[in-house]
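Data first, discussion second: the structure below is written as structure tokens.
The values are calculated or read from the model by the stated rules, or taken from the named source; none is laboratory data. Note that the structure is predicted; figures quoted are calculated from it, not measured. Glycine gets a Cβ as well: all are built from the backbone with ideal geometry, and neighbour counts include every protein chain shown. Remember, those area values only see protein heavy atoms, side chains included, never the ligands or the DNA or RNA. Shrake-Rupley method; radii C 1.70, N 1.55, O 1.52, S 1.80 Å.
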Amino acid sequence: MRSLAVASPLPPAAAAVAARRRPRAASSFGREVGSQCWKYDLGQDRSLGGSLRIGQSQGSLHRQRLTNLLRPAAAAISVEQDEVNTYLPKGDMWSVHKFGGTCMGTPQRIQSVADIVLGDSSERKLVIVSAMSKVTDMMYNLVHKAQSRDDSYTISLEEIFEKHMAAAKDLLDGEDLARFLSQLHSDVSNLRAMLRAIYIAGHATESFSDFVVGHGELWSAQMLSYAIKKSGAPCSWMDTREVLVVKPSGSNQVDPDYLESEKRLKKWFSRQPADIVVATGFIATTAENIPTTLKRDGSDFSAAIIGSLVRARQVTIWTDVDGVFSADPRKVSEAVILSTLSYQEAWEMSYFGANVLHPRTIIPVMKDNIPIVIRNMFNISAPGTMICRQPTNDNGDLDACVKSFATIDNLALVNVEGTGMAGVPGTSSAIFSAVKDVGANVIMISQASSEHSICFAVPEQEVAAVSAALHVRFREALAAGRLSKVEVINGCSILAAVGLRMASTPGVSAILFDALAKANINVRAIAQGCSEYNITVVLKQEDCVRALRAVHSRFFLSKTTLAVGIIGPGLIGGTLLNQLKDQASVLKENMNIDLRVIGITGSSRMLLSDTGIDLTQWKELLRKEGEPADLANFVRHLSDNHVFPNKVLVDCTADTSVASHYYDWLKKGIHVITPNKKANSGPLDRYLKLRTLQRASYTHYFYEATVGAGLPIISTLRGLLETGDKILRIEGIFSGTLSYIFNNFEGTKTFSNVVAEAKEAGYTEPDPRDDLSGTDVARKVIILARESGLRLELSNIPVKSLVPEALASCSSADEFMQKLPSFDEDWAKQRSEAEAAGEVLRYVGVVDAVNKEGQVELRRYKKDHPFAQLSGSDNIIAFTTSRYKEQPLIVRGPGAGAEVTAGGVFCDILRLASYLGAPS
């Protein structure tokens, strides 16, 4: 007889009896675990079967032998064991750490794991480890190749051996290295024989497979224990197949036997007490002492079970991310790390596909109220995410009720509908009995209170079988018309909002569905349990990422987040961008306003971003990474962005064609802010159409800077009208350029010299005739006239141009400036006449609301008049109203310059934010 020794948690007494029952173990191979060893009959020493030949009638006997290979020889032997007085310390003295395959991936990482363990100040530490990165898959592949009779399994086994030998040589030295390599050689020799048996049989039982695959954890646990010992700290390593006992529970899962596991852990600890214990994850044993595994994600489960057995202070799961995200960071770049989660929230998130923990991992620690902490081994400074019973609510606001969002893709929605379903007992039972019969997994169920229809979501690859089963089950009902249809809707996804405090909190659903509506997402089905821990919606898979970003931004970004598109990064637009750069962090911190510039476009190039442009280097980015400007694509980029719920276009140009798009932008739900006067002073019908749309929608159109740069002229006028005052007259100096010219046209200065000074100082347009013509002032007059309720066209405003008629046809600004001095004598004469009368010259615009007219002209004012006391480029506007009849209401201040104009636009952006919910 030939016997096979395989690692097993058989008690010492049983092992001894088993050994006595095998007196002829002339050639056995095995791996010792402590002092224990399983032994199996392999038949004659002729490759498992003597004269047995695969393919003959004895093949079935051979396969039966392989099936029974892992049945322990001592299993049928009744062994009485002496009760020993064992003691297992429990409680907060223990901390449990679990390190996954990525953390154990290289010798350097294993050493880092050892350093983390040694740095833990807990009195006792239990460390659960996975196999080295990729090793578990490699082991499964060994079994697959062997049972497929693929000879290359021997090469693959050699690669696994080389991988662990190289890691050990890099990590260990001396006796520890020799001891590990000896064990590694022995284990690989055992595996080679085991895989040979599988190769011959062409079949591997689950027990065979589990035995082979578990070696990855055995090796990584031994290496880590030796690495910890190098520092001088006492450390034992545990083969958890000696301790963890599990029972199969169907559906490829197992349930822990806590009582038996605790007994075995006590006995193990009585033999090998240590302050640091390194244990294998993933592997366990059945009650019959057959090796098994805890299936996928089993290492986390191992840590939770062992943490429960010792009543640990906490279980730390070390991974390669900083914690649990509020959404999948691959889909939502704005996802944040959650500081705390409840057990129920983590459970819900796991069910809906979030990469948190497997739901069963939470069960062992949940019953003992042991916190689980998810931390990043590669960023130890990150505090991670704590999963515990009931985390405290830091701020108590509504948005904190939703902790996270998760999605499941590749689903189909099955809708069973018919009037004959209403009030008929057993319909739901029949539907889901048919689904069960085909083994499909129902992800979500929704039924209307009318009982007219039931819909449920299943994985897309299972829906064909489900549909066929339902058509068979309800063939008669469909034929008789009691059921109208069994409908399948493919290409669906589930979006789930999860949060413990959603329960009994009004408004959560309203916010969620409002965000989906603003993102133009259609919801196919809705489900919410009475626990209210989650709200689940079914939608088109193509809309899923867009929906996820939309709802996440609503709950996790600042209360008021604005996606901003800047058109015209010239003098005013560029200054605005710099102001936004300087103030953005202050606004976010102090006022909860998050301004994200996601697009900048000039006349030739544009720069686009999904989440926000770095404003510290926007000029360089526009030059290096910009693409050809396309206003339609620019607007589409802003409109289609669903990371941010609110969008605003800021037009900093003076372009008529850009202004002509305002109506369409507002109709798309995009807010508009501008200092561009062309829209409000353009054709009256277009202006009225624009204002009608503005008043009828929830989009906003602000244009304070169109009249007085940063001065509050439009808002003052609106305030007067909205409070019931009546406008009689508006008169003012509206041009900062012309204000500067006439404020400085005094003494011996000539008019042409003053204009040249203004041009040099940057107060005028490149061609001063654009200012001197009075057209700009006329546009401001028409804007104020229309705001006052007058229906005037720009052509209705008589304008006294300051450009000599003879110079209007000059071909260039330079030619105009060269010829302007020839008219200085005329200007000097007008100034002298005004001075003789104790007056000054001022260029003004007037809105006469009583006579429903306006005008722009050069006027003379007494030196004690407010208009005569201006300096620099100041503007001044006087409102004469029913309330301010005797003493006009005056607004005065700088009315020109990029800084103040950009500041006026910035104020409109903040006004928009306050309208959208920001603190006022």
If the chain between A808 and D320 were fully stretched, how many nm would it gain, using 0.36 nm times the residue separation less the Cα-Cα distance? 168.5 nm
Three principal axis extents, largest first, for the C-alpha atoms of the stretch 659-808, in Å? 56, 33, 27
Can you give me the Cα centroid spacing of the stretch 97-123 and the stretch 174-229 in angstrom? 21
Given Cα positions, please report Rg to Rh for the stretch 438-548, the hydrodynamic radius being the Kirkwood one. 1.02
Average accessible area per residue (Å²) across the chain - probe 1.4 Å, nucleic acids and ligands excluded: 43
Positive-end residue, the chain charge dipole about Cα centroid, Cβ charges, pick of T319, C401, V891: T319
So, relative contact order of the chain in percent, Cα under 8 Å, 6 or more apart, is 8
The chain - percent of accessible surface contributed by carbon and sulfur, probe 1.4 Å: 48
What list of whole percents do you get for P(r) of the stretch 202-288, with Cα-Cα distances grouped in 5 Å bins up to the one holding the largest distance? 3, 14, 20, 21, 19, 12, 7, 3, 1, 0
Within-15-Å neighbourhood charge of V438 [Cβ basis; K, R +1; D, E -1]: -1
Give me a comma-separated list of calculated 3J(HN,Hα) values for the stretch 611-622, in order, Karplus coefficients 6.51, -1.76, 1.60 applied at θ = phi - 60°, integers in Hz, x for any Gly or Pro. 10, x, 7, 6, 6, 6, 9, 5, 5, 5, 5, 4
Name the shape class, rounded, prolate or oblate, that the alpha-carbon gyration tensor gives for the chain, where a ≥ b ≥ c are the square roots of its eigenvalues, rounded holds for a/c under 1.5, and otherwise prolate holds if a/b is larger than b/c and oblate otherwise. prolate
Quick shape summary for the stretch 253-339, equivalent ellipsoid via Cα gyration tensor, semi-axes whole Å in descending order, reads 32, 16, 10
What's the local net charge at S342, with K and R +1, D and E -1, over the other residues with C-beta under 11 Å away? +1
In nm, to one decimal, how far is the modelled label at S871 from the one at R311, with both set 7 Å along Cα→Cβ? 8.1
Computed D for the stretch 218-257, Stokes-Einstein, Kirkwood radius over alpha-carbon pairs, 10 °C, 1.306 mPa s, to the nearest µm² per second, is 130
Expressed in µm² per second, the diffusion coefficient of the stretch 590-749 from the Stokes-Einstein equation, with Rh the Kirkwood radius over alpha carbon pairs, at 4 °C and 1.567 mPa s, is 71
Checking the a/c ratio against 1.5 first, then a/b against b/c, what shape does the Cα gyration tensor give for the stretch 748-870? oblate
Given the peptides 519-529, 775-785, 261-271, 649-659, arrange them by the average over their residues of other C-beta atoms within 10 Å, most packed first. 775-785, 649-659, 261-271, 519-529
Between H185 and T154, what FRET efficiency comes out of the Förster formula 1/(1 + (r/R0)^6) with R0 = 22 Å and r the beta carbon distance, rounded to 0.05? 0.90
Is the shape of the stretch 152-306 best called rounded, prolate or oblate, per the rule: a/c under 1.5 gives rounded, else a/b larger than b/c gives prolate, else oblate, with a ≥ b ≥ c the square roots of the Cα gyration tensor eigenvalues? oblate
Nothing charged except the Cβ atoms of Lys and Arg (+1) and of Asp and Glu (-1): what's the magnitude of the dipole of the chain about its Cα centre? Round to the nearest 20 debye. 2580
From the C-alpha gyration tensor of the stretch 282-382, square roots of 5λ in Å: 26, 15, 13
Residues of the stretch 694-726 with amide N under 19 Å of the 7 Å Cα→Cβ point at S603: none
Given the C-alpha centroids of the stretch 875-917 and the stretch 555-605, what is the distance between them in whole angstrom? 22
Taking Cα pairs under 8 Å and at least six residues apart, what relative contact order does the stretch 237-326 come out at, in percent? 27
Distances longer than 15 Å among the Cα atoms of the stretch 552-608: what percent of all pairs is that? 53
Could you order the peptides 338-351, 662-675 from most to least packed, using the average number of other C-beta atoms within 10 Å per residue? 338-351, 662-675
Given a 1.4 Å probe and the protein chains all in place, what does the accessible area of R892 round to, in Å² to the nearest 10? 110
Within-11-Å neighbourhood charge of V850 [Cβ basis; K, R +1; D, E -1]: +1
Find the Cα radius of gyration of the stretch 815-920, compare it with 2.2 N^0.38 Å by division, and give the number to two decimals. 1.47
Quick check: residue separation of Q583 and V336 times 0.36 nm, minus the Cα distance between them. What number comes out in nm? 86.6 nm
So for each of 738-745, 146-153 I average, over its residues, the number of other beta carbons within 10 Å; can you give me the resulting order with the highest mean first? 738-745, 146-153
